[in-house]
Amino acid sequence: MYEPFVRSGNPLIFMDIASAEMTKYAANSMLATRISFMNQIAELCEQTGADIELVRKGVGSDKRIGKAFLYAGTGYGGSCFPKDVLALIQTADDLGVDLTLLKAVHEANEEQKSVLLKKIARVFGDDLSGRRFALDPVAMDVAREMHFGDSIEYFPDAYSVCRDADALVLVTEWLQYRRPDWGAIQGALKAPIVFDGRNMFEPVRMRELGIQYYSIGRGSVE
């Protein structure tokens, strides 16, 4: 049953149940730590004029570190990282072990979730009353039922959601968003303003398109 995995270079390791469970939680927590670290370095890059994408490439070229999970953004999410980090912290607390590093990772991630909101406030001011922001979400039905109800307006595609919006906010890196029709987007938005939480586009190219572009750890293009 395991032969296809072993043949492709993945090791088959035998261990006790406690060690196997700890390995799973520790691995995901380590990856979450890498992401939070790069997010904080991205904030420092914005203050120093450095480019987090260039820093990522340089750091990732070190074979001791590797390239995976070094992308700055709006924080780690998904179904595994948040719950595994918190589960490991809680288990350690219950046993009298203070995982200060992992607590800092969790706190850093919670802070990172608001990074785009802070950028939006710097552009539009703290009072966003009457403003419309286009955010093309995944799982709209779930969002409607569990979180927001009808307090936000839902659209069927990434272009109709931009109509008459003050700015576009990107928080997912799905393939269909990587090569958008910028002409259609600019024509739909009130002003060509984009907040990119995944660093999907090149600032120079966005400037050439006439787009006011804000990303993570790379300054802004106005």
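Restricting attention to region 50-81 and to residues that are touching a residue at least 40 places away in the same chain (Cβ under 8 Å) and under 16 Å from residue 27 (Cβ atoms), the residue that is surrounded by the most Cβ atoms within 10 Å (Cβ to Cβ) turns out to be 76.
Identify the residue in region 1-27 that is acidic (Asp, Glu) and modelled with pLDDT of 95 or more and, among all such residues, is surrounded by the fewest Cβ atoms within 10 Å (Cβ to Cβ). Within region 1-27, the match that is surrounded by the fewest Cβ atoms within 10 Å (Cβ to Cβ) is 16. I'd like to know if region 21-30 contains one or more residues that are part of a loop (DSSP other than H, G, I, E, B), out of contact with any Asp or Glu (no Cβ under 7 Å at 6 or more places or on another chain) and among the acidic types (Asp, Glu). Scanning region 21-30 turns up no residue that is part of a loop (DSSP other than H, G, I, E, B), out of contact with any Asp or Glu (no Cβ under 7 Å at 6 or more places or on another chain) and among the acidic types (Asp, Glu).
For region 201-222, filtered to residues that are among the aliphatic types (A, V, I, L, M) and closer than 17 Å to residue 43 by Cα, the residue that is surrounded by the most Cβ atoms within 10 Å (Cβ to Cβ) is 216. Could you please find all residues in region 156-183 being small (Gly, Ala, Ser) and either surrounded by 19 or more Cβ atoms within 10 Å (Cβ to Cβ) or not in a helix (DSSP H, G or I) (or both)? Answer for region 156-183, where residues must be small (Gly, Ala, Ser) and either surrounded by 19 or more Cβ atoms within 10 Å (Cβ to Cβ) or not in a helix (DSSP H, G or I) (or both): 158, 165, 167.
The values are calculated or read from the model by the stated rules, or taken from the named source; none is laboratory data. Bear in mind that the values here come from a model prediction, so they are computed numbers and not experimental data. Quick reminder, even Gly has a Cβ in these numbers, built from the backbone with ideal geometry, and neighbours come from all protein chains shown.
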